[in-house]
Structures are given as structure tokens and as C-alpha cells.
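Asks: To start, I am sharing the structure in question, which I have written as C-alpha cells.
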């Protein structure tokens, strides 16, 4: 059964985040609130955890998993970013945006798209999510917690415990978070392409 951590949204208890980080290191999946609904996280270097992440969501290997990074500098380690892309990323991070970019060799092949060699990547604007990435010591694989066969993500920790308590190592409760996934923008073409509309004001990025 999943451990349940009640963490302050503005001043996260580092002790609890370290405990959750250790569960990730041990191969577990952790549900965490973000600036756009709950996400389920796993270690980037853990193949079994990546497989469990996909099973929990009912995803195949063509679905982009997303890397949650601590900052813009870390993005550049895992994705190829040119000057045009960098300007947009600088405006948008941290925030409720997921960007599709060409993956570098630092990204395991099982995480990137099998044919396009691309990766979803973002920096969340949420202290608890960022604190957990910091405790883990590296970017984390993630996917929005949308139940298989449904369209809406989850944002209530107690409901997540009832539905997924046997599949998760931990659930972090920091109070309510938005009930909308990130906006996904593909930056691999000549112009940015909005793949999914969600949280965030596209006009603020000069997009529509």
C-alpha cells in the first residue's frame, strides 16, 4: 500500500521529500501534485519503473513520457535546444508547459519516442514537485495521472489513494492542484505546433 505524505505546499518538509525520493530510488512510483494536476514519477534510469509507469496509465511506447527538470540549464543536458527554442523555453519555464524536443544521448531509448527520438520535457512551477526532483538528484520520468479510458486528470490525493494505492509507492498530498494537464508544444518542426491545449496562456508565449 502506498505511503501517504502530507507536505506543505509552500514550505515542503525536506525530510518527507527525502523519504519519497528514496522510494523512487528503490524503484517505486510516486504521485505528486504539480502546477497542472497530479503526475506519476519514476527514476529516469529505472527500466522496470518506466514499464510500470506505462502500465499504470495504459500507454504504449509511442506515447511521450516527460522529463521533469529543475531548471532551464538541466533541459539542455537532455534535449537539443537551438537559439529559437531557447528563447521560448526561457519565457515558459517554470510553468505548465510540456515541450517536445529532440532527445540527446543522455535520455534512455526506452523513454524517448521510438521512431522520432524525441522527448517531452518541462520545469514545473510547483515547490513540492521541484523539491522532489532535487531530493532525487536528477530529472524524473513523469506522466499526467489520467486514468486509463478517461479524459480528465486526477487532482485529489485521497481519490488517488483509493484507485492506485496498490500500484504506487507513495502519494504526496499538498492540497488542491489544478484539474487540467499541461499544454504540449512540439518544437521539432519549423514552427511551434500545439499538440494539446491545457494549462497556460498561449498568447503569453506569442502563440495561439
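Asks: Within 10 Å, count the other beta carbons around each residue, average over each peptide in 9-19, 135-145, and list them highest first.
Replies: The packing order, highest mean first, is 135-145, 9-19.
Asks: Antiparallel DSSP bridges in the chain: what percent, to the nearest 5?
Replies: Bridges in the chain are about 60 percent antiparallel.
Asks: Turning to a different aspect of this structure: How many Å³ per residue does the convex hull of the Cα positions in segment 3-197 occupy? Spell out each step's value before the answer.
Replies: Numbers: hull volume 20.7 nm³, N = 195.
Hull volume over Cα atoms, normalised by residue count, gives 106 Å³.
Asks: Against the longest principal axis of the chain, how steep is helix 127-136, in degrees 0 to 90 to the nearest 10, with axes from Cα atoms?
Replies: 80 degrees
Asks: With a 10 Å radius around each residue's Cβ, average the other Cβ atoms per peptide and rank 124-132, 179-187, highest first.
Replies: In decreasing order of mean packing, 124-132, 179-187 become 124-132, 179-187.
Asks: Another question about this same structure. Which distance in nm do the two modelled labels at residue 106 and residue 63 give, with both placed 7 Å along the Cα-to-Cβ direction?
Replies: 2.6 nm
Asks: Here's a follow-up. Can you give the helix-only mean residue ellipticity at 222 nm for the chain, where every DSSP H stretch with n ≥ 4 adds -39500 (n - 2.57) and the sum goes over all residues, rounded to the nearest 500 deg cm²/dmol?
Replies: -8000 deg cm²/dmol
Asks: Among 32, 107, 195, whose mean-square fluctuation peaks in a Gaussian network model of the chain (Cα, cutoff 10 Å)?
Replies: 195
Asks: Which residue fluctuates the most in the chain, going by a Gaussian network model with Cα springs under 10 Å, if the choices are 192, 96, 33?
Replies: 192
Asks: Sticking with this structure for a sec: At 4 °C and 1.567 mPa s, what whole-number value in µm²/s does Stokes-Einstein give for the translational diffusion of segment 1-91, with Rh from the Kirkwood sum over Cα pairs?
Replies: 85 µm²/s
Asks: A further question follows. Which length gain, in nm to one decimal place, applies between residue 71 and residue 47 when the Cα-Cα distance is subtracted from 0.36 nm times their residue separation?
Replies: This chain segment gains 6.2 nm when fully extended.
Asks: Then there's this: Any chance you could check the Cα centroid distance between segment 119-185 and segment 1-64 for me, in angstrom?
Replies: That distance is 7 Å.
Here, each number is a calculation from the coordinates, and none is a lab measurement. These numbers were taken from a predicted model, which means no experiment stands behind them. Note that each Cβ is placed from the backbone with ideal geometry, even for glycine, and that neighbours are counted across all protein chains shown.
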